[in-house]
Amino acid sequence: MLRKEFNEVLKQSLFFIVLTVTIPFGLEIVLGGPSISYFELFFTQYHLGLLIFALFLGNSLFLWDRKQRAADYLLLLPYSRLRLLGIKVLPRLTAAVLFYLVFLLLYRGGGEAFTLASVFSFTYVYFSLFIIALSLSLSMENYIMMAVVTLSAMAAFLGMIYLIPTLLSQWLYGTDIGLSLEYLLFLRLGFGKLLLYFIGIVVGLLFPFIAAFIFAFKKTGIHPVSRFNKRYFKVFFPLLAVGIILSALIVSTLFTPRHKTYYLADKHRLVEWDSLALRVYDENDVEEITHASFRWNNRVLIEAGDSLYSREYNFPEDSTDFLRLDLKTKSVETFYKLEGRNYSGFTGPWLFKNTIAIVDGYPKDPDKELHLIDIRTKEVKKIKFHQTSGGNVRLFGADEVDGKRFWLVDSKWKFRHRVSRLWENGEKEELGTSRKFPCYINGILMTYSEDKATLTKLTAKGMEGARMVKTVTVGEGFIFHSYQVYDLHKPPLKQTIGAIYDQNNESRKFFIMDFDTLELREMKVINDRIEQSARRDPELKFYVSRRTPDEYYYLEYKWKNRGLDFREIYAFDNNELTLLKKFPPLEKNGKMYNSRSGIIVHEPGKLRVYAFPDLKELKFKKLKS
Amino acid sequence: MIEVKDLSFKFKKKPVLENINIRFGEGEFILIAGNNGAGKSTFLRCLTGVLSPLSGSVYFKDGLSKRRIGYIPDGLGFFENLTLKTAINFHTRVFRTGGFDDSLLKELDLDPDSKVKTLSVGERTLFLFSLILAQKPRLLLLDEILHAVDAYLRDIFLDRLLDMIAQYNTTVIAVNHTFTEIEKIPERVLVMENGGFIIDEKTDTLREKVKKIELGPDEPVPDDLPVLFKKETPYIREYYVYPFEEKMRTGFDLEFRDLNLADILKSFIGGYYVKKRV
Amino acid sequence: MFRMNIDTASSIPVYKQAIQAIKVEILAGRLKDGDSLPPIRELAKIIRLHPNTVAKVYAALQDEGFIAGKMGSGHWVTFKKKKLDSLKKALIEDEFRNFIDRVLAVGATKTEIKELMEKHLDGDHHD
C-alpha cells in the first residue's frame, strides 16, 4: 500500500508544483518580462508555491478515502490504525521534504531577499503549515473550509510564537521587546541554545495538533466527523495549554538576564548590559536603553572620547554591524554595516585619529577591502587590496607621513606574520615577516625572528619606506606590548615595554625601552618581585600595563572563570612599586572586568568598581548589584 | 468466534446501535434482517472496524485476524481508480493471500486492465468477492449487495459462496438477503429494530413460531391472538401471528399457514412500521 | 437428476425434507444400490443448501442405513432389499396420510374420497 500511496503523492506533487510555479512564471514572461532575473522570479514563485503545496499536501491526506465507499475498504485493511496513518503520512512527508531540499539548494540564487533568517522563517512556517494541514485533514467535509481553517490555525500558531516571548518579557521584565522571534533570539543567545529553544517552542505548540489527530483517528477512524472532532479537541486543548506553559517556561529561562556584563568607561561612567537592556550609570543617575536597534555584544572594542564601539553579527539581516554607544546622549546607533559574516580581523577595528578602519573579506579569500570611516562625518572610503597568502588579517597600526596615511596589515599564515603597509592610494608594500605579532609604536615597526627583535623606522613615500634601525637580541620569547594603541595620535611615547615569556606563555621579565636611545633595560624592581611572588605562589601571572604615557601599573593575577582574577595591583613610578589594592580571591561565580578606566569585581550579590589611577572605589547611587 | 459486548453507536446524538450483546460461532450462517435504518450496516461496520463504537467492544476469538475477514459493504467501497490487475496485486499482497484464482474473472470475461470504476454493479460485486475468496476467509460479512446483482450473476455468486463455505467453514453474516434461492441456507436469523436485535432464533424455530391466517372481510378476529402485522385489503385480511404455539391450532378454530422466511421477515419489518405509526 | 421439491413455506425443517426426498428417490428405485451421490459441496450448490446441512442429511441417511460414506470416496447408495419393503410401506402410508389431510381440508367427504380413489386408480392415471 505504501507504494500505491507514493505513486499517488508523486503524481499529485508534480502536477501541483508545475501548476503553481509555471503558471505565474509563464504569465509574467508573457505579460512582458520581469524586473528581476528569470531565476529569481522562478524561485520566488517556487517558494510561494511551496507554501500552497504544503497546505494542499496536508489537507489532502484522505482526499480519496473520505467518502464512505472508499473508507470502507481502507479501514478494513489488515493494518492497525496507527500503521495506516503512517503509510498515508510518510509519502507526503517525503514529498514535503524533497521539495524543501530543492528550495534549500536554490535559495542562494533567489536574490537579496533571501537571507539566512528568511530561510529559517520559511522552514518553520512551511513545515508547521504542513503539519497543521495534516492534523485538520479529517475535520471537515468541505475542502475549501478546511483550507480556510488551516490558514487561520496557522495564523494563530504564528501569533503565539510571536506573542509568547513578547508578552512574557513585558510581564516579567516590563520591557517591550516587540521583535520577531528569530531576530530576538539569534542576537542574544548562542546558536545552539537558540535552536533548542526554538525547536522546543515550535514542537511544543505543534505537538497538540499531531497528538490530537493521532488520538482522534485511533479512536474514531474517519467517520463520523463530529465525533472525530470531539475527540480531537478533547486532546488538543489541554495539550495546547501545556504547550503554551512549556513554551513560556522555556522563554523565561532563556530570557532571564542572568549574565550582566560591565565596562567602566572614562570619567567614571559605568556601563552595564544583559540580554535585554543596556544601562549607563554615573554617580547619581542611571539611564536605560532598550530600543529595537540595540543589540550589544560582550566586548567593547574601542573606547574613544565619549563613544564605545562594539561589533555584532546581525542574523536577520545577515550583516556584521558595528555599534556605537554614545555615553553623553545615552544612545546606541549602528555605526557601520558590513555584508555577511565576512568581517575579518581577530582583534577588532582600528582607530586612528578620527578614522575607524575595518577590513572586509573572508580569511580564505585573498581579495580584501579596507573600509575607512570618518567618525564625525560618517564618510566611507574603500580601498581594495590583495593578500598574497590566505589567513586572518588584522590591522595593527596606522600613521601619517608627509600628509599621506598608511595602514599596517598583519596577515597570519601558518606560523608567520606577513607585514605589509597599505597606502590610501591602493599601493601595498611588503615589509617582511615576523615570527610573532608585530607592533608599531612611535613610527617604529617591531618584528621578530628567532631570538631577535628588529626595530624598523617607517619613513616616507613609495616603496622606499622602511629603514632598519636596530636589531635587539633579547632571547627567546621577547615581545613588545602593543596595547594602548588608540592613544597613538596623542603626543609620541617616550618609552615602551616589552617582556620575555616563558614556555607557559607567562611573562616573566619586563624590559623598558626608551625611544631616544632604543636601549632596553630591565625593570629590575618588578622582575625581582615577580621572582618572589612566583616562588610563593606558582599559579600567579604577571603583567605590566600602561594607562597613560606616564602611568605604569604592575599586576599580579590568576585565571578564573575564563577571565582575570586580579590579586595585587601596584603603581610603578620612578622604579618604585606602590601597592594600590589587594583583592581577595574571586568567589565561585565571580568575574572581573578591566578596562583602561578601572577594575570591576562582579560577584554574586555584590558589585565593586575601582577606578584608576588610585583604584579608589566608586559608588553609583542607582546601581543595584 | 466473535463476541460483541455492550456495543453502542450514535450518530449526531441519535442512537443507531444500542447495547448489543451477541455471539457468533464458527461456521454459522446468520441472516440479519430489519427495516431500513435499523442499524444493520452500521453493525457490520462496527464488526469490521470501519466504524469505532461509541462504547462496548467487539472481540475476535480463536486467533481470527483481519486478513481472514472479508467484507462487501453496501457501497461496494474500493479504490476505484486502480485497474483490476493492480487491485488484485494490491489486495493479495496486503492480505497476504498467497495466490489468486482468476477463474471467476474469466467466467465473467472481465478485462484485467480495465479500471474498477468501469465495472457494472454486478461485476464489481463479484470482483470484490473474488478478492475475498483469495483470502480463504474465516468470516464473511455481506451487506445488502445481492439486490442489485442480476439473476445470472447471483447464481454464480451463490455457487462460489457455497463452495467457499464447504472449503473453509466460513462464518457468514449476511444482511437482508431474502431471496428464495438463499432461504434454505441460513440456520440463524436475527431481526434488528431500532438498533437492537428483537429476534435471535434458529431458522427452523422461527418458522414454527410465525404463522399466517387469512380471513374474509367479515370474519371475526379473536382478541387474544398475538398479531405481529396485518395486511388488509377489501377482499382478504392477512394476519401474521407471532409467537405461535401449537395449542393455538385447536384453541382458535383457525387455519394457521406456514410461511417462508421471506414472508416471516417481511412481517417483522411490517410490524416495525406499524409500531412507528402508533 | 432427482427432484428436490423443498417447500420453504413448510414448518418441516429443510434438512428433514431433504432427507425425505432422497429416501423417496432410493425407495422409488431411481437411485440404485451402488449409485454414487454427489459430494456434499456439489449437492449444496445444486439444491442451495448450506454444506453443513447437507452433511447433516448425509449423516442421517447413513445412520438409517440408506447410504454409506468413506473419506475420500464420497457417498453412495446402499440399501437392503428386505428393508425396502417395510420402509416403502411406511413411506407410502406417510404420503397417503398427507394426501388425505389435504383433501379433507378442501372439504371432501369420506365417501367422495373413496369414489375418487377408485376412479383414478382404475382409470388412467398419469404421474
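I'd like the full set of residues that are facing chain B (nearest Cβ under 9 Å), part of a helix (DSSP H, G or I) and closer than 15 Å to A:Lys4 by Cβ, limited to the range A:58-87.
Selection gives A:Ala70, A:Tyr73, A:Leu74.
On the basis of being more than 10 Å from every other protein chain (Cβ to nearest Cβ), exposed (fewer than 14 other Cβ atoms within 10 Å of the Cβ) and in a loop (DSSP other than H, G, I, E, B), does B:Glu245 make the cut?
Yes: the conditions hold for B:Glu245.
Do we find that A:Met145 is modelled with pLDDT of 75 or more and either within 18 Å of A:Val251 (Cα to Cα) or surrounded by 14 or more Cβ atoms within 10 Å (Cβ to Cβ) (or both) in this structure?
When the stated conditions are applied, A:Met145 does not pass them.
Which of the residues spanning the range B:91-147 are among the small types (Gly, Ala, Ser) and out of contact with any Gly (no Cβ under 7 Å at 6 or more places or on another chain)?
Within the range B:91-147, B:Gly98, B:Gly99, B:Ser103, B:Ser114, B:Ser120, B:Gly122, B:Ser130 qualify.
If a residue counts only when it is farther than 30 Å from A:Lys622 by Cα and touching a strand residue (DSSP E or B) at 6+ places or on another chain (Cβ under 6 Å), which strands (runs of 3 or more DSSP E) contained entirely in the range A:537-606 have at least 2 such residues?
Per the criteria, A:541-548, A:551-560, A:563-573, A:576-582.
In the range C:26-49, what residues are within 14 Å of chain B (Cβ to nearest Cβ) and touching a Gly at 6+ places or on another chain (Cβ under 7 Å)?
If the condition is that a residue be within 14 Å of chain B (Cβ to nearest Cβ) and touching a Gly at 6+ places or on another chain (Cβ under 7 Å), then C:Pro39 is the only one that fits.
In the range B:1-111, which helices (runs of 4 or more DSSP H) lie fully inside it and hold 1 or more residues that are closer than 29 Å to A:Arg231 by Cα and within 14 Å of another protein chain (Cβ to nearest Cβ)?
B:40-48
Please work out which residue is farthest from the other protein chains (Cβ to nearest Cβ), limiting yourself to the range B:180-200 and to residues that are assigned to a strand (DSSP E or B) and in contact with a helix residue (DSSP H, G or I) (Cβ under 7 Å, 6 or more places away or on another chain).
Going through the qualifying residues, I end up with B:Glu193.
Take C:Leu91 and decide whether it is surrounded by 12 or more Cβ atoms within 10 Å (Cβ to Cβ), without any contact (Cβ under 8 Å) to a residue 12 or more places away in the chain and touching a helix residue (DSSP H, G or I) at 6+ places or on another chain (Cβ under 9 Å).
no
If you go through the range A:400-427, how many residues are within 21 Å of A:Thr454 (Cα to Cα) and in contact with a Phe, Trp or Tyr (Cβ under 6 Å, 6 or more places away or on another chain)?
Total satisfying the criteria: 5.
Could you please find all residues in the range B:154-179 being among the β-branched types (Val, Ile, Thr) and either over 16 Å from B:Pro137 (Cα atoms) or part of a helix (DSSP H, G or I) (or both)?
Correct list: B:Ile156, B:Ile165, B:Val175, B:Thr178.
Please go through (1) modelled with pLDDT under 90; (2) surrounded by fewer than 21 Cβ atoms within 10 Å (Cβ to Cβ) for B:Ala38 and return the number of the only condition it doesn't satisfy.
Exception for B:Ala38: condition (2).
Quick one: count up the residues across the range B:128-173 that are at negative phi, within 14 Å of chain C (Cβ to nearest Cβ) and touching a residue at least 40 places away in the same chain (Cβ under 8 Å).
Qualifying residue count for the region: 8.
Looking at B:Lys117 and the list (1) within 16 Å of B:Ala174 (Cβ to Cβ); (2) surrounded by fewer than 16 Cβ atoms within 10 Å (Cβ to Cβ); (3) within 11 Å of chain A (Cβ to nearest Cβ), which single condition is not satisfied?
Every condition holds for B:Lys117 apart from (1).
The values are calculated or read from the model by the stated rules, or taken from the named source; none is laboratory data. Because the structure is predicted, anything quoted here is derived from the model rather than measured. FYI the Cβ positions are ideal-geometry reconstructions off the backbone, even for glycines, and counts take in every protein chain you see.
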